[in-house]
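Taking it in order: structure first as structure tokens, then the write-up.
The values are calculated or read from the model by the stated rules, or taken from the named source; none is laboratory data. These figures come from a predicted structure and were not determined experimentally. Cβ atoms come from the backbone with ideal geometry, glycine included; neighbour counts cover every protein chain shown. For accessibility, only protein heavy atoms count, side chains too; no ligands or nucleic acids. Shrake-Rupley method; radii C 1.70, N 1.55, O 1.52, S 1.80 Å.
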Number of protein chains: 2
Amino acid sequence: MIVQRQSGVALWRQIADRIRTAIANGDYDATGKVPPEISLAAEFGVNRHTVRSALAALAQEGIVRAVQGRGTLIERKERLNFPISRRTRFSEGIGDQAKEKEGLLLAASEEPATPDLASRLQLAVGAAVIRLETLRKADRRPVSRATAWFPADRFSGIAEAYRESGSITAAFAAIGLTDYLRVSTEVTAVHADSGDLADLELSPGAIMLVTRALNADPDGVPVQYAISRFPADMVQFTIEN
Amino acid sequence: MIVQRQSGVALWRQIADRIRTAIANGDYDATGKVPPEISLAAEFGVNRHTVRSALAALAQEGIVRAVQGRGTLIERKERLNFPISRRTRFSEGIGDQAKEKEGLLLAASEEPATPDLASRLQLAVGAAVIRLETLRKADRRPVSRATAWFPADRFSGIAEAYRESGSITAAFAAIGLTDYLRVSTEVTAVHADSGDLADLELSPGAIMLVTRALNADPDGVPVQYAISRFPADMVQFTIEN
DNA sequence: TATGGTTGTCTATATAAATAGACATTTAGG
DNA sequence: CCTAAATGTCTATTTATATAGACAACCATA
């Protein structure tokens with residue numbers, strides 16, 4: 001496939017996205033480097049300078065590193081896989097795909113439930129809910145940005161518990177909820193917004209996978225509703241049935 | 001949030017994407033039309049002409065229609081929901097979200113299995129597989145583009161069966177497979193390629209949701225591997241656990 | 001029917017993206 | 001120690017994107 005002109009997406013960005021995907025797919029694993037700029041220019045049907053813009057963007061992201069005389073070396077090629085199942089848990093899902101896992105609390109607040117949120121959590125409209133803004137990292141790279149809501153009466157200390165443990169599962173356990181189940185997960189995709197770019201260290205124009213997830217306790221009572229955003233070039237979801 | 005400059009994504013495209021999303025979210029349901037160009041220009045911090053480019057793109061997609069003197073009317077705002085479960089079926093998944101459902105066979109061929117495909121279908125590398133390229137429509141609007149592979153020895157007449165019925169489930173039934181189950185589904189997101197643009201009648205720069213699905217018969221023997229592409233602004237997936 | 005609010009069209013200018021070509025610099029390998 | 005194969009840098013030109021302003025055309029409604 002050839003790149004699209006006058007599409008509103010600059011050629012260098014289209015090419016950067018495709019090379020990033022190719023790297024994630026392992027297409028260049030044999031050499032450990034990206035093909036020469038001239039070859040890429042020929043492949044995509046563009047000028048070498050356009051390819052250089054694309055590679056410069058990828059270098060900025062830390063995915064490749066150009067070395068004069070040698071070529072453009074691949075520095076990083078992970079694509080994390082997140083299984084989605086009835087027992088979905090963020091840290092366990094990553095498993096051994098990353099050594100270090102981290103959960104940062106960016107913000108916490110208490111607020112009244114909107115009609116949509118109240119219906120999902122089976123609360124009265126306007127009932128108090130706790131909102132947590134979190135950032136998750138794997139091997140020190142940010143992999144998701146999430147907003148989660150919990151019924152305030154039942155989970156009053158959850159912000160502190162999350163801040164200390166960096167894990168929803170651990171925070172639930174600290175409050176006495178030892179088990180929970182995933183009820184449903186909606187998946188959509190959008191362009192990254194400026195908050196994504198800042199928090200997840202992305203380059204503009206990146207694509208985000210968005211999940212809207214509902215968790216409930218073993219009795220089926222909703223305990224958490226969360227909207228999470230993941231960079232699409234770094235993650236994929238797997239639904240096992 | 002304000003739009004991002006020099007990001008490799010033209011402002012008019014960013015604005016078109018955000019208005020499209022806002023329409024799908026029902027933000028303008030009260031009036032049935034998009035806010036005036038001048039308001040949008042102020043909201044996004046751009047010139048009115050830039051907003052006009054965005055609206056022109058949406059008009060091209062058939063999402064809005066501008067009427068001089070009145071405003072820009074919303075023509076279409078659906079977002080189809082596809083449940084993913086152990087018993088995922090395309091047509092049943094749409095359910096009553098669309099009246100007319102259609103499945104077109106674009107191309108069919110027999111080819112040897114690549115190592116990746118052979119491993120997924122549990123065949124020998126190079127074993128014959130049948131490949132179907134299909135286009136699915138709901139209410140005459142294209143909603144997905146899929147490539148599906150089947151073991152050739154077991155499903156020799158499936159291309160014809162699909163062409164006649166427009167349904168994988170019906171085609172399987174015609175060959176004697178009355179039931180099958182979804183084993184796994186991987187979900188990723190990418191930019192639309194030129195094939196997507198043509199087949200799915202999209203505007204360049206659109207985002208696609210991509211699923212890679214494996215189906216097996218009740219004994220667990222793989223019967224189909226499929227890669228499907230859906231326009232992200234028209235569909236969402238729901239995983240019910 | 002007059003008016004305010006809206007989209008349509010035109011011209012002009014500035015900035016960003018892409019192409020084109022030439023040549024320098026660095027590295028790996030014979 | 002050459003040479004081929006890479007990336008790095010520079011200048012120039014063309015095309016696409018974005019801004020700016022003015023005014024025409026049209027619609028709803030007071």
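Annotations for the structure displayed:
- Test for B:D217: is it more than 10 Å from every other protein chain (Cβ to nearest Cβ) and charged (D, E, K, R): yes
- Residues within the stretch A:14-45 that are within 14 Å of DNA strand C (Cβ to nearest atom) and modelled with pLDDT under 85, tallied: 3
- Only residues that are assigned to a strand (DSSP E or B), in contact with a Lys or Arg (Cβ under 8 Å, 6 or more places away or on another chain) and within 9 Å of chain B (Cβ to nearest Cβ) were counted in the stretch A:220-238, giving 2.
- Test: residue in the stretch A:34-43 that is in contact with a helix residue (DSSP H, G or I) (Cβ under 6 Å, 6 or more places away or on another chain) and within 14 Å of chain B (Cβ to nearest Cβ): no
- In the stretch B:82-92, the condition of being among the basic types (K, R), touching a strand residue (DSSP E or B) at 6+ places or on another chain (Cβ under 9 Å) and either farther than 30 Å from A:E240 by Cβ or within 12 Å of DNA strand D (Cβ to nearest atom) (or both) is met by no residue.
- Matching residues, the stretch A:46-63, being over 14 Å from A:R13 (Cβ atoms) and modelled with pLDDT of 90 or more: A:N47, A:R48, A:H49
- Residue that is modelled with pLDDT under 95 and more than 9 Å from chain A (Cβ to nearest Cβ), where the choices are B:E186, B:E164: B:E164
- Some residue of the stretch A:137-157 being in a strand (DSSP E or B), open to solvent by less than 10 Å² (accessible area, probe 1.4 Å) and among the β-branched types (V, I, T): yes
- Residue that is nearest to A:A192 (Cα to Cα), among those in the stretch B:30-48 that are free of Cβ contacts under 8 Å to residues at least 12 places away in the same chain and among the charged types (D, E, K, R): B:E43
- Residue list for the stretch B:67-119, restricted to those being in contact with a Leu (Cβ under 6 Å, 6 or more places away or on another chain) and under 23 Å from B:A159 (Cα atoms): B:L104, B:L106, B:A108, B:A113
- Meets criteria (in contact with a helix residue (DSSP H, G or I) (Cβ under 8 Å, 6 or more places away or on another chain) and either at pLDDT 90 or above or within 17 Å of B:M234 (Cβ to Cβ) (or both)) for B:V67: no
- Filter pass, B:S184 being outside any strand (DSSP E or B) and either in contact with a strand residue (DSSP E or B) (Cβ under 8 Å, 6 or more places away or on another chain) or open to solvent by less than 40 Å² (accessible area, probe 1.4 Å) (or both): no
- Residue in the stretch A:104-125 that is among the charged types (D, E, K, R), free of Cβ contacts under 8 Å to residues at least 60 places away in the same chain, more than 12 Å from DNA strand C (Cβ to nearest atom) and not assigned by TED's automatic domain parsing to the domain that holds A:F150 present: no
- Restricting the stretch B:194-203 to residues that are open to solvent by less than 40 Å² (accessible area, probe 1.4 Å) and outside any helix (DSSP H, G or I), the residue that is modelled with the highest pLDDT: B:L202
- Tally, over the stretch B:142-170, of residues that are farther than 20 Å from B:A216 by Cβ, out of contact with any strand residue (DSSP E or B) (no Cβ under 7 Å at 6 or more places or on another chain) and in contact (Cβ under 8 Å) with a residue 40 or more places away in the chain: 1
- Test: residue in the stretch B:66-79 that is closer than 26 Å to A:R5 by Cβ and away from chain A (no Cβ under 14 Å): yes
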